[in-house]
Amino acid sequence: MSKLILAVLLVTLTVLGLLSPSYADSARVNDARVWPAPDGSRLIFDLNQSLKYKVFRLSNPERVVIDFKKTRLLTRLKSLDLSKSSIKRIRSGKRNGKDLRIVLDMKETVSPKSALLRPNSEYGFRLVLDLDRVKQKSHRSLESRLTQQKNKENQDIVVAIDAGHGGEDPGARGRRGTKEKDIVLKIARELKRMFDQQKGMKGVLIRSGDYYLDLRKRMKIARQHRADFFISIHADAFHDPRARGSSVYSLSSRGENSEAARWLAKKANNADLIGGVQLANKDDMVASMLLDMAQSATRKASYKAARNILHELKGVGKVHSKTVQSASFVVLKSPDIPSVLVETAYISNPSEEKKLQTKTYQKAIAKAIFNGVYRYFNRSPPTGSLLARNRHTIAQGETLGEIALYYRVSIKKLKVANNLRSDKIISGQVLRIPIDSTQPKAI
């Protein structure tokens, strides 16, 4: 009797097509996730295997269509929370009996970009769809806008703060389940608060929430804010849980050369200003010289600031390396914005993971980074910044007391700000005049 039942079952499954090779081998969309971001949304489809697909956009009304070849949908797309995204509604249906079509009804005009990703330690096969908001173009040229803005006096020094990873990319994980993306965002927010409290400086968060940004886009956002400095914050990980300590990186010469080649190759279509000069209208030789000059100055500035930050981190705890490291990280490759990457600690080390979870340690790390950057700009302020205006060239016959009285600061503060051991000064010497106080407010 049991053999008869088994035979009937096999026949039934075959008739339904559930045992056919085409069904068993077909691709599947197992799940989907939406990550809203300020400039659009990211939609991720979790797949069981690699597949063929096509993405295109339709207008009136605005839609984005994804066609999957020989694919089945095994998740409820209607259950996705679209309230904070640029997607109004998601529809799906079969095509040609075997293919799957998913249609996104959009709230606004977007530019879709897609990528099929292979499995990693966190996820299996994924189709990632970035829906970037299409912005209205300004009638004024980029060059005229930047020139006008850069000519303002007493401008703040803008520090771009990039919390690594985000969204579906959690970064490294600690043994307690701590996610790198969450910790570095908390440190970034604290660091921004410190810069905003310091007169003459301003912090800008590259990532203000839990969403992912392409590495090049992070650099682009920094340029849009006319950043004078870029800091990328991370938490390191290693297979040996004994690894510990902070590290600071600046761009390696190899990474610098590859970025120079990239900028020169695209200069004809590039509207960005490099060191205040547009490359698009320059011949290759002149463009190469200008870019080399900008990169050389940026490299030196990055290293000096990185060295200051590393020195401050030594006061917080153990450092993994006693010197500034160099690497070809993409986020360090802006040719005219000094950039550093800080590995705050090893999240894979149980004791350091525990510290990273505390507000006290997060604030201590932020304070060390802030102090290092502040001290760099206090010694080398950008032209036109408020810090640059607070300089006094000593004239013949002037005394330290007279200068202190003129600027309404104490002699003690003047001496601390300029590392003076006595009241003796000489004609032609340049003094830094403290703004509100010689020490940053975060100290």
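Every number here is computed from the coordinates shown, using simple stated rules; none is lab data. What you see is a predicted model; the values in this text were computed from it and never measured. All Cβ positions, glycine included, derive from the backbone under ideal geometry; neighbour counts span all protein chains shown.
A few points about this structure:
- Within the stretch 369-420, the trypsin sites (Lys or Arg not before Pro) that combine a DSSP coil assignment with at most 15 other C-beta atoms in a 10 angstrom radius are Arg408.
- Take 176-183, 106-113, 418-425 and order them by the average number of nearby Cβ atoms within 10 Å per residue, most first; the result is 176-183, 106-113, 418-425.
- Subset of Lys314/Lys363; Lys199/Lys367; Lys300/Lys354; Lys84/Lys199; Lys88/Lys113 violating a 24 Å alpha-carbon distance limit: Lys300/Lys354; Lys84/Lys199
- When the C-alpha to C-alpha distance is required to be over 23 Å, the pairs from Lys52/Lys333; Lys202/Lys355; Lys78/Lys186; Lys52/Lys94 that qualify are Lys52/Lys333; Lys202/Lys355; Lys78/Lys186.
- Each Lys or Arg adds one and each Asp or Glu subtracts one; over the other residues with Cβ under 11 Å from the Cβ of Asn378, this totals +4.
- In terms of overall dimensions, the C-alpha atoms belonging to the stretch 325-428 reach 60, 34, 21 Å along their principal axes, ordered largest to smallest.
- Averaging Cα coordinates gives a centre for the stretch 40-97 and one for the stretch 312-333; these two points are 42 Å apart.
- With Cα atoms defining each centre, the stretch 179-254 and the stretch 359-414 are spaced 24 Å apart in the structure.
- Projected-area mean, the stretch 29-133, by convex hull of Cα positions, square nanometres: 6.4
- Globularity ratio of the stretch 390-432, using Cα Rg and 2.2 N^0.38 Å: 0.99
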